1. List every residue pair whose Cβ atoms sit under 8 Å apart, with the two residues 6 or more apart in sequence or on different chains, where the first one lies in the range 38-49 and is in contact (Cβ under 8 Å) with a residue 40 or more places away in the chain and the second, anywhere, is among the polar types (S, T, N, Q) and in a helix (DSSP H, G or I).
2. Condition (residue is farther than 30 Å from Gly209 by Cα, at pLDDT below 65 and not in a helix (DSSP H, G or I)) applied to the range 25-47: is it met by at least one residue?
3. Mind listing just one residue for me: the one in the range 52-66 that is open to solvent by less than 30 Å² (accessible area, probe 1.4 Å) and in contact with a Leu (Cβ under 9 Å, 6 or more places away or on another chain) and, of those, farthest from Thr214 (Cα to Cα)?
4. Would you mind telling me which numbered condition in (1) of a type in the set (A, V, I, L, M); (2) within 22 Å of the chain's Cα centre (by Cα); (3) at pLDDT below 80 Ala101 fails?
5. What's the total number of residues in the range 60-85 that are farther than 20 Å from Leu168 by Cα and at pLDDT below 85?
Amino acid sequence: MDPLGDDIEVGSPGTFGVPPAPAGRSLAVIATIIFLGSILGRVLGLVREQLAASHFGAGDQIAAFTVADNLNTLIYDLISSGMLEAALIPVLSALVITGMAGRQELRRLTGVLLTLSVAVASVLAAVGVFFAPRLVRLMTALGDRGDQRDVAATDLAIQNLRIVLPSLAFLVAGTIMIAALYSVQKPGAPALGGAARNLSAVICILLLGSRYGTRSMAVGVLVGSIVLALLQW
């Protein structure tokens, strides 16, 4: 349920493009921030899963959300899987090493990456929203579909997918900004990104779950992605 994941490799001292690690206390502070942010995100993720189980059980409702969320994750992975760890952080960190000119180039390159990536993600999200029924049926083609219960679950999955797909643009934007922040050794906002997303999902389930069912979880995914992007900004 978390396309960005909980574990982000930020490189190691001496590898290409990675600035020398700060010594002593600074390194310890950075490591502590990342550790605490990861722990908080996992705890809130556990709370989210327990709330989802208590509100929606393990039936068709949660299955409909899972189909939509898996499709959203699949498209996100196609756009940026491995991009953060393998490419962006080393490249952007290399610019930081070159000094003030590098910082200016970092801002320019980050802006270009944001523009292009968000544009591609937005187009894919719009196409996905339009073809949501076909995408859901493709994901469920191997099952025995056709009775009234399955039709209702499929319709719910389509609704959930149309809610979560716009989150792609914000998730991709967050990925770019997380890489830029790590490259200048500012881990605070990236470390809290997972926690912010899970907290958004928890709040949406509590406020909307009884009225809108698993669509509240889909709203939580969308709101969480927006909060993530704003936090990095």
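The values are calculated or read from the model by the stated rules, or taken from the named source; none is laboratory data. Everything numeric here is computed off the predicted structure, so don't read it as measured data. Because the Cβ atoms are built from the backbone with ideal geometry, glycine has one as well, and the counts that use them run over all protein chains shown. The accessibility values were calculated without ligands, DNA or RNA, using every heavy atom of the protein model including side chains. Shrake-Rupley method; radii C 1.70, N 1.55, O 1.52, S 1.80 Å.
1. Listed by first residue and then by second, the contacts come to Gly41/Asn198; Leu44/Asn198; Gly45/Asn198; Val47/Asn198; Arg48/Asn198.
2. Pass one, the range 25-47, residues farther than 30 Å from Gly209 by Cα: 25-35.
Then drop every residue that is not at pLDDT below 65, which leaves 25.
Next cut, not in a helix (DSSP H, G or I) only: none.
Checked against the condition, which is being farther than 30 Å from Gly209 by Cα, at pLDDT below 65 and not in a helix (DSSP H, G or I), the range 25-47 yields no hits at all.
3. Per the criteria, the residue is Ala64.
4. With respect to (1) of a type in the set (A, V, I, L, M); (2) within 22 Å of the chain's Cα centre (by Cα); (3) at pLDDT below 80, Ala101 is out only on (2).
5. 2
Yes/no per residue for (1) modelled with pLDDT of 85 or more; (2) over 17 Å from the mean Cα position of the chain (by Cα); (3) loosely packed, with under 13 Cβ neighbours inside 10 Å:
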position	(1), (2), (3)
Leu116	yes, yes, yes
Ala119	yes, no, yes
Phe130	yes, yes, yes
Met139	no, yes, no
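Results for (1) assigned to a loop (DSSP other than H, G, I, E, B); (2) at pLDDT 90 or above; (3) crowded, with 23+ Cβ neighbours inside 10 Å; (4) of a type in the set (Phe, Trp, Tyr), shown as yes or no for each residue.
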residue: Gln159; (1), (2), (3), (4): no, yes, no, no
residue: Ile176; (1), (2), (3), (4): no, no, yes, no
residue: Ser200; (1), (2), (3), (4): no, yes, no, no
residue: Ser216; (1), (2), (3), (4): no, yes, yes, no
residue: Ser225; (1), (2), (3), (4): no, yes, yes, no
